[in-house]
Amino acid sequence: MKKSVHTVRWQKLLRAMLAVLLMAALCLNMVACAKKDDTKDKQTESTASTEESESTEPSESNEETDPTDESESEPFAPVGTGEASSPAAKATYSTTTAAPGDADMKTVVATYDGGTLTNSEFNVYFWMEFYNFLNSEMGSYASMLGLDPDAPLAGQASMAPIDENDENSAVMSWEQYFLQATMQNYAYYKGLELDAKAQNFVLPESYQKDLDNLEKNVKDSATESGYETADEFVQASFGSGTTLQDYVAYMTSYIYSYAYYETVLAPQCDATDEEVTAYFDENADTYSQSGIQKTDKHDVSVRHILIQPAEEYSVDSDGDGKNDSYTDEEWAAAEEKANTVYAQWQQDPTEENFINLAKDNSADGNASTGGLYENVHPGQMVEEFSNWCFDDTRATGDNGIVKTQYGYHIMYFVSTADTFTWFETAKSDLVGQQLGDLSKHVSEQYTVDFDCNKIVLCDVVTANTAKQ
């Protein structure tokens, strides 16, 4: 039986979240080892430097360090406001001494209609927020944003102000920043979960099955990773004060809210063709920046075999010091090979033979898929390639050779699709916007009250470093 789009998407997401749990534990240990080795290297360098200085004459310079030298800036000191609802209530929330079931971990830090949230469970939410950030597109810019994921978060300044309405406001630490994000996302997902239960929502079978197997899957992962217990496995990622049950509670809440979002709220959002067209027109400039323009030409699927003149450009055609073209000899050799491969295909002019030749000869990254490009839209590819694909006479089985700046492309036209990329992209964006507005409205019907003065966070980075 074919699985629904929602089921497939959920199963991929669940696997990703379980992978985060596994990779977090492994990566933190790797980070600790790397930092330990780096410390040894620096100590060696320092010792060598000291020995050298002791064996030479003292420097004649009596210059003292300028106390106003900006290169020696003051270390960041986080600010605590004492305001219970603020993520900056305390200057730092970190501890390395928490244990499962101790007073701090059992302390209630948030309340909502019908339930409470304790520190131990909150730590899972906090560190999942951190790991998800690192795994997101923003995570690739972490260093540019001033975040060192290998160092304690409380001692690093983020770019977010404590008070957005005060231009002179002190900035949050990264610990406070992630605390704020965790509070916001917890309130959002908890609101969806509470509404699901208020509507007597029954978890679909596929989601329920994943939930039923969750503990076993975590325990199996713990064993495979060399941990004696699942609790130890969880603690490596979320802190010494957490347990398997905290992670299960987190996933249970998330599964309910996500299933409700996907199977109940999402189907309520749709858009007519007229609405989609109007939305695209309103955002045409933005889409144009991504190379997407309105067109009456359907998407197409093609295969190609790229015969590249050389692995790298060898000619500086404009004298700017950078190679940007190939030699005439390289072009001639590429053309000869393209004609040879093309002739081989013509001996058995089938798509299957084309696929095999692409795997053996194409220099493009999609060689393993037989040179396939699916749902290509006008303007997506380089001009000569695109012109061939969107010729009005193009039909399945058409073939030929096209020269572009990248080399010679042996082309095979697969099919014309029923879709238009510009329309599908705009519809997805518009419906996504509707769903975001709807889910936010639903969630905001429920209130979660935090007392940040009671929050205690396990310093996972420091704790794992100390174990080495």
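The values are calculated or read from the model by the stated rules, or taken from the named source; none is laboratory data. Nothing here was measured: the structure is a model prediction, and the numbers come from that model. All Cβ positions, glycine included, derive from the backbone under ideal geometry; neighbour counts span all protein chains shown.
Could you list, in sequence order, the residues of segment 217-246 that are part of a helix (DSSP H, G or I), over 19 Å from residue 98 (Cα atoms) and either among the small types (Gly, Ala, Ser) or outside the structural domain of residue 187 (by TED's automatic domain parsing) (or both)? Passing the criteria: 221, 222.
Which one of 152, 87 is in the same structural domain as residue 252 (by TED's automatic domain parsing), in contact (Cβ under 8 Å) with a residue 60 or more places away in the chain and in contact with a Cys (Cβ under 7 Å, 6 or more places away or on another chain)? So that I can check it myself, show each step before the final result.
On the way: 152 fails: in contact with a Cys (Cβ under 7 Å, 6 or more places away or on another chain).
It is 87.
When you look at residue 206, is it more than 29 Å from residue 454 (Cα to Cα), of a type in the set (S, T, N, Q), assigned to a helix (DSSP H, G or I) and in the same structural domain as residue 249 (by TED's automatic domain parsing), yes or no? So residue 206 fits the description; yes. Number of residues in segment 292-349 that are on the phi > 0 side of the Ramachandran plot and modelled with pLDDT of 95 or more: the value is 0.
Among the residues of segment 371-393, the ones that are touching a Lys or Arg at 6+ places or on another chain (Cβ under 6 Å), more than 16 Å from residue 308 (Cβ to Cβ) and not hydrophobic (A, V, I, L, M, F, W, C) come to 1 in all.
Considering 143, 169, the condition of being farther than 17 Å from residue 75 by Cβ, loosely packed, with under 15 Cβ neighbours inside 10 Å, among the hydroxyl-bearing types (Ser, Thr, Tyr) and more than 24 Å from the chain's Cα centre (by Cα) is satisfied by 169 alone.
When residue 198 is tested against the conditions (1) touching a residue at least 12 places away in the same chain (Cβ under 8 Å); (2) closer than 21 Å to residue 110 by Cα, the lone failure is (1). If you check residue 240 against the conditions, is it of a type outside the set (D, E, K, R) and buried (at least 20 other Cβ atoms within 10 Å of the Cβ)? The answer is yes for residue 240. Take residue 425 and tell me if it is outside any strand (DSSP E or B), of a type in the set (Val, Ile, Thr) and touching a strand residue (DSSP E or B) at 6+ places or on another chain (Cβ under 9 Å). For residue 425, the condition - outside any strand (DSSP E or B), of a type in the set (Val, Ile, Thr) and touching a strand residue (DSSP E or B) at 6+ places or on another chain (Cβ under 9 Å) - is not met. Kindly indicate whether residue 305 is surrounded by 14 or more Cβ atoms within 10 Å (Cβ to Cβ), more than 27 Å from the chain's Cα centre (by Cα) and touching a residue at least 60 places away in the same chain (Cβ under 8 Å). When the stated conditions are applied, residue 305 passes them.
Could you tell me whether any residue of segment 339-347 is surrounded by fewer than 20 Cβ atoms within 10 Å (Cβ to Cβ) and within 38 Å of the chain's Cα centre (by Cα)? No, there is no match, as no residue in segment 339-347 is surrounded by fewer than 20 Cβ atoms within 10 Å (Cβ to Cβ) and within 38 Å of the chain's Cα centre (by Cα).
Kindly indicate whether residue 254 is closer than 24 Å to residue 117 by Cβ, of a type outside the set (Asp, Glu) and crowded, with 18+ Cβ neighbours inside 10 Å. Criteria met by residue 254. Here residue 163 clears all of (1) within 28 Å of residue 437 (Cβ to Cβ); (2) touching a helix residue (DSSP H, G or I) at 6+ places or on another chain (Cβ under 8 Å) except the condition numbered (2).
With respect to the conditions (1) among the aliphatic types (A, V, I, L, M); (2) more than 31 Å from the chain's Cα centre (by Cα); (3) not in a loop (DSSP other than H, G, I, E, B), residue 395 lacks only one, and its number is (3). Set side by side, the residues 271, 259, 266 differ, and just one is touching a Pro at 6+ places or on another chain (Cβ under 9 Å), touching a residue at least 12 places away in the same chain (Cβ under 8 Å) and closer than 30 Å to residue 192 by Cβ, which is 259. Being in contact (Cβ under 8 Å) with a residue 60 or more places away in the chain, assigned to a helix (DSSP H, G or I), charged (D, E, K, R) and touching a helix residue (DSSP H, G or I) at 6+ places or on another chain (Cβ under 8 Å) is a property that holds for residue 193.
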